1. Which count do you get for residues in the range A:67-86 that are within 27 Å of residue B:342 (Cα to Cα) and away from chain B (no Cβ under 14 Å)?
2. Only one of (1) buried (at least 20 other Cβ atoms within 10 Å of the Cβ); (2) in contact with a strand residue (DSSP E or B) (Cβ under 6 Å, 6 or more places away or on another chain) is not met by residue A:35, so which one is it?
3. Which condition number in (1) touching a strand residue (DSSP E or B) at 6+ places or on another chain (Cβ under 8 Å); (2) without any contact (Cβ under 8 Å) to a residue 40 or more places away in the chain is the one that residue A:46 fails?
4. Please verify whether residue B:271 is touching a residue at least 40 places away in the same chain (Cβ under 8 Å), away from every other protein chain (no Cβ under 14 Å) and closer than 30 Å to residue B:338 by Cβ, treating the condition exactly as stated.
5. Pick from B:396, B:364, B:386, B:307: which is in contact with a helix residue (DSSP H, G or I) (Cβ under 7 Å, 6 or more places away or on another chain), part of a strand (DSSP E or B) and more than 14 Å from chain A (Cβ to nearest Cβ)?
6. Would it be correct to say that residue A:56 is part of a loop (DSSP other than H, G, I, E, B), under 14 Å from the mean Cα position of the chain (by Cα) and either within 25 Å of residue B:281 (Cβ to Cβ) or within 11 Å of chain B (Cβ to nearest Cβ) (or both)?
7. Kindly indicate whether residue A:89 is away from chain B (no Cβ under 14 Å) and part of a helix (DSSP H, G or I).
8. Taking the range A:94-113, which residues are surrounded by fewer than 21 Cβ atoms within 10 Å (Cβ to Cβ), touching a helix residue (DSSP H, G or I) at 6+ places or on another chain (Cβ under 7 Å) and more than 14 Å from chain B (Cβ to nearest Cβ)?
């Protein structure tokens with residue numbers, strides 16, 4: 001059974017590209033375009049991995065991440081933050097919020113694949 | 001002055017008049033005496049001579065007094081001769097008119113009194129003794145028959161003699177004593193007064209003149225004071241004026257300073273906004289770049305289907321341009337971080353400068369070749385490995401070498417060399433391009449600095465390349481500088497990095 005990856009990303013083109021990359025690799029992908037819907041989807045769909053954008057309207061990725069970790073139903077799902085914010089400070093904040101990894105945008109698709117595979121294998 | 005002169009003339013006139021009155025009076029009294037003698041004694045031969053001599057004596061006595069007292073013609077020493085002459089005349093008179101019974105005894109006595117009165121007791125005493133001695137000598141001479149008895153003058157009558165004596169005394173007193181004395185005293189007083197008045201006048205004149213000059217001085221001083229006051233007033237006004245000017249300019253400068261402070265605050269706000277804008281924009285730009293990069297990569301890797309060579313080339317160009325765009329955005333982000341005073345973050349790892357440089361030279365060879373530029377690379381084989389941020393170092397060197405290639409004319413050369421110096425590594429990138437003016441050697445590292453329009457292609461085209469290069473070197477604890485002999489003489493960019501990282 002294919003592993004499920006939830007993409008929470010407000011930028012449609014990026015969300016679509018992520019879906020493409022992951023589907024080509026055989027993953028089952030769902031997309032949520034904002035934090036609120038992302039949380040709901042995570043709770044109901046129970047993905048194996050969440051790719052989370054940070055800069056989103058209304059609820060920031062960091063907040064979404066914290067909520068995911070606070071909710072026992074989603075707390076165990078690993079979260080990878082994919083963000084344009086690449087400073088050390090941002091990485092640190094992401095880790096503090098409970099993310100397992102941090103992928104800076106723009107990224108090379110092979111980098112994403114290798115990160116995802118590494119996390120899901122573990 | 002004129003009044004004083006007039007006063008003198010008048011007083012002099014009075015004095016001259018008085019003097020002539022005195023002399024006339026003395027002469028008249030003498031003549032009157034002679035006349036009286038003739039009236040009382042008749043005109044026999046001896047008596048007129050005798051009385052004449054006697055009258056002359058009186059006149060002389062009068063004149064003597066007058067002349068000596070005024071010290072006019074005859075000085076004091078002659079006064080004694082007159083006295084002696086008077087003495088002789090009186091003594092003869094006494095002797096020949098009856099000795100002790102002679103009325104001339106009284107005359108002699110009176111003469112002594114006058115002598116005392118006028119010349120002091122000493123001379124009076126001498127004269128008195130002289131008379132006594134003469135009388136005793138005459139008396140003894142007569143007793144011994146040496147001289148005959150004195151009563152040889154005819155018509156000598158003691159009673160008449162007494163009457164004569166009274167006349168003589170009164171006349172003499174009037175002529176000799178009272179009138180001249182009174183007149184003398186008056187005259188003296190007048191003289192004194194005149195002298196006094198003159199002196200007073202002179203003094204007054206002097207005082208007047210002095211007061212005049214004092215007045216003049218005072219007037220001058222007053223004028224001086226007035227002009228001083230005016231000056232002071234003027235300068236006070238000028239000072240006030242100046243003060244108001246100063247106050248005005250102070251207010252202006254305060255206003256200006258406030259304005260500048262406000263402008264500065266505004267500028268700070270603008271600068272912060274700009275920095276924030278830069279940060280936001282660079283983040284915003286990354287967002288659309290992400291799918292571009294992802295899809296180009298996917299297309300080129302063939303995961304979305306095989307591309308024709310032409311398509312592959314086109315997508316390759318898109319990918320390269322996207323990378324370039326990303327570089328630019330990274331530069332902007334870097335600078336916005338620098339502006340905010342954040343330190344550059346380094347992720348250090350062991351870096352082989354030799355490997356890095358040869359990779360870069362390979363990567364840039366094509367660019368150099370198209371411009372017919374020789375890329376010379378000399379670095380020792382045993383060049384040490386250092387601890388540094390590889391990505392940042394690559395960026396730094398790409399920038400320096402890229403610049404060197406861009407600013408070197410066709411057919412030139414760019415030399416990259418590495419060596420060790422004082423425990424640091426020293427990398428030099430030298431070209432023989434357009435060079436840099438001396439005054440700009442330090443400025444080239446300023447943010448947004450461009451030497452001229454031709455620099456716009458360098459380092460992302462916004463003049464950030466060298467500023468970032470400097471930031472990278474500084475963050476590693478090294479130094480960067482530019483050397484150039486001047487415009488058209490090429491340039492050499494050097495930087496040091498500590499071996500320890």
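1. 1
2. The failed condition is (2).
3. (2)
4. Taking the combined requirement at face value, the residue satisfies it.
5. Every option except B:386 fails the conditions.
6. When the stated conditions are applied, residue A:56 passes them.
7. no
8. A:98, A:100, A:101 - these are the residues of the range A:94-113 that are surrounded by fewer than 21 Cβ atoms within 10 Å (Cβ to Cβ), touching a helix residue (DSSP H, G or I) at 6+ places or on another chain (Cβ under 7 Å) and more than 14 Å from chain B (Cβ to nearest Cβ).
The values are calculated or read from the model by the stated rules, or taken from the named source; none is laboratory data. Bear in mind the structure is a predicted one, so any value in this text is a computation, not a measurement. Here Cβ is always computed from backbone atoms with ideal geometry, including for glycine, and neighbour counts include all displayed protein chains.
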